[in-house]
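Taking it in order: structure first as structure tokens, then the write-up.
The values are calculated or read from the model by the stated rules, or taken from the named source; none is laboratory data. Source: prediction; values computed, not measured. Cβ atoms come from the backbone with ideal geometry, glycine included; neighbour counts cover every protein chain shown.
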Amino acid sequence: MTGGGRRTALVFPGMAPSNHTAVGAFMRTDPGVRRLLARADEALGYPVLERFRDAGTDYDESGRVAFVVNCLALAERAVERHGLRPELCVGPSFGQMAAMGHTGVLPFAELVRITAELAREEEACFAADARGLATHFFFRTPDGSLRRVLSRLEKEGTPHEVSCVLGGGFGAVTLPETAVPVLEALIREVRGVPLYSMRPPVHCSALAVLRERALKLISAAGPADPRIPLVSDLDGGLVTTGAAVAELVAEGFVRPVRWPDAVRTMLDLGIERVCVPGPSNLFDRLSRGDFEVLTASPEDR
């Protein structure tokens, strides 16, 4: 519950562009971030913020660790400032990493090390990969329209996988990067809007090696049962044991995110408000039609 009696869930967002220019000043001055950064530096053996500043990308290991640090610090601030007592936690996509930290599934230092190691292994995996896959995001493409698009890809013999079903006409498909223009044209034909592509791809069978690696790393860390239940972003199920959380995070590498399933579970359990701690993100907007949304971003002081 919260102080106002509204049943509340924490939603740790999937990773979105959040470079040093956007969040560096916040990370240097926010007390909660600074405390977590000191612990992350010790765990990794290098100054995370300096490496993040020099990386030139949001998605290398320092960028991913920085995103987790920011989300965790903002969640702690929101809980304290607003008197939140969340009953559930959801971590769609990369948000699962922060969710494991906040709910006590992994100690912070172990979480940081695993986050960095998986980032390095993903980079190495796709540096050697010759398939040239990309995950392309789009919106204004409801289920019926998306089925028509996928049917055309099937008829044309284009290999593809649905990687994200986010609701509100938002979604993502993984396919060969050379076929992205074809997908964009098909999306426009059904009056949808192509957005951007991610490479390496996400949430697809090509990441099977990372699925196994993630499961091994998290299981070896001895995951504890979460302090509050997690809601699966894959099928909406409740996850209440450390072993099940490890499986959920690992499966997320190869299975699509199905955000509407998580929303349905939260609604069924009476959740009225969600707090989304992190840089401004799609999951803020996706939640607004179903819940009161409390954001906790680097811009909030």
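Points to keep in mind about this one:
- Some residue of the range 14-30 being closer than 24 Å to Ser197 by Cα, in contact (Cβ under 8 Å) with a residue 60 or more places away in the chain, in contact with a Pro (Cβ under 6 Å, 6 or more places away or on another chain) and in a helix (DSSP H, G or I): yes
- Only one of the numbered conditions (1) part of a helix (DSSP H, G or I); (2) charged (D, E, K, R); (3) closer than 22 Å to Glu299 by Cβ is not met by Asp58, and that is (1).
- Hits in the range 209-261 (condition: in contact with a strand residue (DSSP E or B) (Cβ under 9 Å, 6 or more places away or on another chain) and of a type in the set (S, T, N, Q)): Ser232, Thr240
- Qualifying residue in the range 112-120 (condition: in a helix (DSSP H, G or I), buried (at least 23 other Cβ atoms within 10 Å of the Cβ) and in contact with a helix residue (DSSP H, G or I) (Cβ under 9 Å, 6 or more places away or on another chain)): yes
- Contact map, the range 92-107: residues that are assigned to a loop (DSSP other than H, G, I, E, B) paired with residues that are of a type in the set (Gly, Ala, Ser), Cβ distance under 6 Å, separation 6+ or inter-chain. Pairs shown: Pro92/Gly14; Ser93/Gly14; Phe94/Gly14; Gly104/Ala224; Val105/Ala224; Val105/Gly242; Leu106/Ala221.
- Test: residue in the range 219-234 that is in a helix (DSSP H, G or I) and assigned by TED's automatic domain parsing to the domain that holds Val90: yes
- When the range 163-181 is limited to residues that are touching a Ser or Thr at 6+ places or on another chain (Cβ under 8 Å) and surrounded by fewer than 17 Cβ atoms within 10 Å (Cβ to Cβ), the one that is nearest to Thr57 (Cα to Cα) turns out to be Glu177.
- A single member of Cys125, Cys71 is surrounded by 24 or more Cβ atoms within 10 Å (Cβ to Cβ) and either out of contact with any Gly (no Cβ under 6 Å at 6 or more places or on another chain) or not in a loop (DSSP other than H, G, I, E, B) (or both), and it is Cys71.
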